[in-house]
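Taking it in order: structure first as structure tokens, then the write-up.
Each value in this text was obtained by applying a stated rule to the coordinates, not by laboratory testing. Treat the numbers as computed from the prediction; the structure is a model and nothing was measured. All Cβ positions, glycine included, derive from the backbone under ideal geometry; neighbour counts span all protein chains shown.
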Amino acid sequence: MTDKPVYLIINPRSGYGGRKRQLANLRGELAKAGYDLVEYVTKYAGDATRYAREIAGQAEAVISFGGDGTVNEVANGLLGTDVPMLAAPAGTENLLAKELQIPSNPADLVKVLATGQAMRCDMGMINGRSFHSIVGVGFDAEVVRRVSAGRTGHISHLSYFWPIWRTFWEHNFPTLRVTADGRDVFQGRGLAFVGNISRYSIGLRICRDARFDDGLLDLVVFECDRQTGLILHAGWTMLRRHPLKGNCIYEEPERIHIETDQPLTCQVDGDVGPESPLEISVAEHRITLIVPQSRSRWTLPMWPWKGAPL
Ligand SMILES: [Mg+2]
């Protein structure tokens, strides 16, 4: 431990229920472990990025206390520095924290901070800003846009039910043109995902082979023009066999370009992202993340049938 403080960046609008107690316990555990703590509570979008950038020079580590949106903001502020970030799972969805197997229990979280391993990880870049987990174009972006438009405060998984239901029936699958490392890989109706990690909501592993330190992004395009097709894709994705299907593209490029027949906002780390056309690339080893010393191999994206002929 150095004599520099640990900064705790809190998004008070993240998650729901029980987070206040989790936060109080985290403060207690950090004090018990002898950390000098500086807290910052965000008010507006962009606060976490600005603040993380400001304090990067004097921080031993930065803890992001919120969901994936908060991690995204803090990571944008720490991009290119060697200040380690710990993603505390305190939001509705905590894809990065789950992928890294970071515990939510405050005592265990402080143990990870004290004894964890600092890993240089990739970030994805999309139209000039970074993302840590996943970008979606098409169906899921439409759901996120609807949830965001109707959001009045905290959101829970239940907040997604009606937007998913309505999008399912009303969605018009856009025509996408996708190039990967300069090659045309898809043109047609469907939905696309670009992942730095394997996880997505409700446990789906859309970018199932993605690793956050391999200098590549995982691109998945599902060819789809109707609701029944979407259900079939979802089924194959639950079985984690979707890359083997003829109407699914699975590639691991460094650069991806996506155009749509009309401008569409995409989904970035669970929030509303920029409008298409999209220029997506990987920024190799641009952020330091604190991860537990040992992680269970069963949740790593390794599958016995990867690359095996079937
Ligand atoms: Mg990767």
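Residue-wise test of (1) surrounded by fewer than 22 Cβ atoms within 10 Å (Cβ to Cβ); (2) more than 24 Å from Asn127 (Cα to Cα); (3) in contact (Cβ under 8 Å) with a residue 24 or more places away in the chain.
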site	(1), (2), (3)
Leu158	yes, yes, no
Phe168	yes, yes, yes
Tyr200	no, no, yes
Leu232	yes, yes, no
Among strands (runs of 3 or more DSSP E) completely within the stretch 1-96, the ones holding 2 or more residues that are surrounded by fewer than 24 Cβ atoms within 10 Å (Cβ to Cβ) and of a type in the set (A, V, I, L, M) are 6-10, 37-41
Taking the stretch 242-261 and keeping only residues that are surrounded by 15 or more Cβ atoms within 10 Å (Cβ to Cβ) and without any contact (Cβ under 8 Å) to a residue 60 or more places away in the chain, one is left with His242, Pro243, Lys245, Asn247, Cys248, Tyr250, Glu252
Filtering the stretch 117-156 down to residues that are assigned to a loop (DSSP other than H, G, I, E, B) and surrounded by 14 or more Cβ atoms within 10 Å (Cβ to Cβ) yields Asn127, His132, Ser133, Gly138, His154, Ile155
* Return a yes/no flag: does the stretch 83-92 have any residue that is in contact with a Leu (Cβ under 7 Å, 6 or more places away or on another chain), in contact (Cβ under 8 Å) with a residue 12 or more places away in the chain and among the β-branched types (Val, Ile, Thr). => no
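For the stretch 209-264, which positions are part of a strand (DSSP E or B), away from the ligand (no atom under 16 Å from the Cβ) and of a type in the set (A, V, I, L, M, F, W, C)?
Passing the criteria: Val221, Phe222, Cys248, Ile249, Ile258.
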The condition of being touching a His at 6+ places or on another chain (Cβ under 7 Å) and more than 16 Å from the ligand (Cβ to nearest atom) holds, among Phe173, Phe139, Phe168, only for Phe139
Here the residues within the stretch 161-207 that are more than 25 Å from Asp261 (Cβ to Cβ) and in contact with a helix residue (DSSP H, G or I) (Cβ under 7 Å, 6 or more places away or on another chain) are Ile197, Ser198, Arg199, Leu204
